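*Asks:* Have a look at this one before I ask anything.
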Amino acid sequence: MSETVEVKVPDIGDFKDVPVIEVFVKPGDQVNAEDSLITVESDKATMEVPSPLAGVVKELRVKVGDKVSEGSAVVLLEKSGDGGAQAKAPPAKEEPAPQKAAAPPQQQPGTRPQPAAPATAEAPAVPAQPRTPAPQPSAAPAVDEAGFGRAHASPSVRRFARELGVDLSKVRGSGPKSRILKEDVQGFVKTELARPRGAEGGGLGFNLPPLQPVDFSKFGPVETQPLSRIRKLSGAFLHRNWVSIPHVTQHDEADITELEEFRKSQSEEAKKQGIRFTILGFLMKASVVALRQFPEFNASLAPDGESLVLKQYFHIGVAVDTPNGLVVPVIRDVDKKGLLELARELGEASERMRGGKIAPTDLQGGCFSISSLGGIGGTIFTPIINAPEVAILGVGRSVMRPVWNGRDFAPRLMLPLSLSYDHRVIDGASGARFITFLSGVLSDIRRLVL
């Protein structure tokens with residue numbers, strides 16, 4: 001004949017009227033000895049009340065929100081055949097060890113958990129021998145590497161999260177007092193699996209709170225437009241570069257008065273050949289001269305971060321504005337081509353990009369990139385480095401203004417330049433020297449042939 005036992009809250013120290021924050025079982029559930037029945041939480045600790053024996057839950061005596069103390073009834077349990085043996089299994093000499101585990105509730109807020117707490121280990125804590133039925137305080141919540149707040153979850157949820165490899169500091173709790181429930185962990189895993197792989201910023205975890213969704217239609221009419229494939233891909237790529245590379249941007253300007261006069265004098269002849277002769281070709285050739293002078297700009301940081309890969313070729317990427325977003329085709333061997341040849345190749349590449357005829361090889365192998373907004377407007381800006389390159393040149397709209405030449409003010413056409421570089425590879429002094437040298441080359445195009 002089966003025997004029914006009323007399971008009560010065991011000795012939980014000096015705590016009284018502790019609220020029940022989780023109930024793990026319901027009538028009809030089969031439980032084993034040491035399975036958690038409920039979780040209670042005091043001001044200092046979170047504790048799970050385990051079942052002292054195996055059996056079937058016949059009746060619940062508590063619910064979430066109830067307050068319990070030592071001796072309060074938890075469940076009515078119908079013992080299974082071996083329940084008594086399991087209940088008697090823990091030897092008396094094992095009792096002091098679980099009592100030692102009550103120390104963590106005395107820990108002051110903000111202190112790091114002590115290594116002695118077994119439940120803080122990477123793997124779930126599994127007792128080598130049967131334990132007494134006294135509830136165990138939960139492990140102190142984990143602190144993420146960036147030093148953000150502690151996760152608020154029960155030991156069973158922590159164990160579940162460890163099995164799935166989930167960092168609880170990134171999970172938003174929906175339980176009482178923002179407590180993390182098992183359903184929250186499951187929802188987090190589903191969301192992460194559905195997230196586009198490029199959205200994490202190259203694997204960097206900053207543990208920032210997610211942006212909360214906003215129903216903008218509450219404030220007025222809205223229209224939703226899907227992002228183009230190019231914007232989705234480039235957005236993730238740019239985000240990764242921005243957060244993973246320490247950007248520094250150096251600004252300067254170049255006097256391109258003579259350069260522009262020469263360009264205009266040749267533009268009509270180029271037009272007869274079907275070539276649009278723009279300043280971009282001059283910028284590319286001048287960049288090659290500067291890259292030869294400062295080879296660390298024509299390099300990439302090795303994956304281990306211990307060395308530089310110095311390139312002996314000069315392939316320049318040029319940002320092209322298309323209806324579907326920004327793309328950066330690469331013009332190869334710029335050092336071996338003349339200005340007219342570069343202008344023709346740039347025109348052909350731009351036409352392909354805007355027509356959506358983009359091959360993967362068009363966007364690969366760049367050493368240095370140029371983003372020119374001169375045809376649109378603006379002066380200085382901060383272009384984002386096109387990794388694995390270590391620098392990018394931003395170009396604004398040229399403007400005619402008076403410049404002091406040592407005797408008087410003369411009208412000069414000035415071109416704004418913005419050089420962003422990877423500070424892990426290039427220091428500020430080198431950045432200033434590079435952009436000053438580049439400005440000098442553009443101001444005197446005779447240096448292009450040196």
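No lab work stands behind these numbers, since they all come straight from the coordinates. It should be emphasised that the depicted structure is a prediction, and the values quoted were computed from it without experimental measurement. Backbone-built Cβ (ideal geometry, glycine too); neighbour counts: all protein chains shown.
*Asks:* For the stretch 367-439, calculate the relative contact order in percent as a whole number, restricting contacts to Cα pairs under 8 Å that are 6 or more residues apart.
*Replies:* Values: 124 pairs, mean separation 20.7, N = 73.
Relative contact order comes out at 28 percent.
*Asks:* What FRET efficiency do you get for Thr382 and Asp215 if R0 is 25 Å and r is their Cβ-Cβ distance, rounded to the nearest 0.05? Intermediate values should be presented prior to the final figure.
*Replies:* Numbers: r = 33 Å, r/R0 = 1.31.
Efficiency for this residue pair is about 0.15.
*Asks:* Given contacts defined as C-alpha pairs under 8 Å and at least six residues apart, what's the relative contact order of the stretch 231-449, whole-number percent? Could the numbers behind the result be given before it?
*Replies:* Details: 395 pairs, mean separation 66.2, N = 219.
About 30 percent, as a whole number.
*Asks:* Using amide H atoms built in the peptide plane, which far-off residues or other-chain residues are under 5 Å from Leu53 H to H?
*Replies:* When sequence neighbours closer than 5 places are left aside, the close amide H contacts are Glu34.
*Asks:* On to the next question. Using just the Cα positions, wrap the stretch 8-55 in a convex hull and report its mean projected area in square nanometres, one decimal place.
*Replies:* Numbers: hull surface 13.9 nm².
Mean projected area for the stretch 8-55: 3.5 nm², to one decimal.
*Asks:* Which order, highest average first, do 299-310, 246-257 follow once you tally other Cβ atoms within 10 Å for each residue and take the mean per peptide? If you can, show how the numbers build up before the last one.
*Replies:* On the way: 299-310: 11.9, 246-257: 18.0.
Listed from highest to lowest mean packing, they are 246-257, 299-310.
*Asks:* Using a cut-off of 25 Å between alpha-carbon atoms, which lysines can reach Lys311, once sequence neighbours fewer than 8 places away in the same chain are excluded?
*Replies:* Cross-link targets: Lys285, Lys336, Lys337.
*Asks:* Going highest first, how would you order 359-365, 404-410, 390-396 by mean Cβ packing within 10 Å? All intermediate terms of the calculation are to be shown ahead of the outcome.
*Replies:* Working: 359-365: 11.6, 404-410: 8.0, 390-396: 25.0.
Ranking the peptides 359-365, 404-410, 390-396 by packing returns 390-396, 359-365, 404-410.
*Asks:* Could I ask something else about it? Could you list, in their original order, any pairs among Lys232/Lys264; Lys58/Lys182; Lys8/Lys182; Lys63/Lys170; Lys67/Lys218 whose Cα atoms are separated by more than 30 Å?
*Replies:* Details: Lys232/Lys264 39 Å; Lys58/Lys182 24 Å; Lys8/Lys182 25 Å; Lys63/Lys170 28 Å; Lys67/Lys218 41 Å.
Beyond 30 Å: Lys232/Lys264; Lys67/Lys218.
*Asks:* Right, next: With θ taken as phi - 60° and the coefficients 6.51, -1.76 and 1.60, list the Karplus ³J(HN,Hα) couplings across the stretch 332-346 in order, rounded to whole Hz; mark glycine and proline as x.
*Replies:* 8, 6, 4, 5, 9, 10, x, 5, 5, 5, 5, 4, 5, 5, 4
*Asks:* Then there is this: May I ask you to evaluate 6.51 cos²θ - 1.76 cosθ + 1.60, the Karplus curve with θ = phi - 60°, for each residue of the stretch 171-185 and list the ³J(HN,Hα) values in order in whole Hz, giving x for glycine and proline?
*Replies:* 9, 8, x, 10, x, x, 6, 6, 6, 7, 9, 4, 5, 5, 5
*Asks:* Follow-up question, since we're still on this one. Would you please give the residues with an amide H less than 5 Å from that of Ser72, counting only those at least 5 places away or on a separate chain, with H modeled from the backbone geometry?
*Replies:* When sequence neighbours closer than 5 places are left aside, the close amide H contacts are Val9.
*Asks:* Here's something else I'd like to know. Can you run phi through the Karplus equation (6.51, -1.76, 1.60; θ = phi - 60°) for the stretch 354-362 and list ³J(HN,Hα) in whole Hz, with x for Gly and Pro?
*Replies:* Computed from phi, the couplings for the stretch 354-362 are 5, x, x, 8, 10, 9, x, 5, 5 Hz.
*Asks:* Multiply the residue gap between Val403 and Lys63 by 0.36 nm, knock off their C-alpha separation, and tell me the result in nm, one decimal place.
*Replies:* On the way: separation 340, 0.36 × 340 = 122.40 nm, distance 8.06 nm.
That pair, Val403 and Lys63, stretches by 114.3 nm at full extension.
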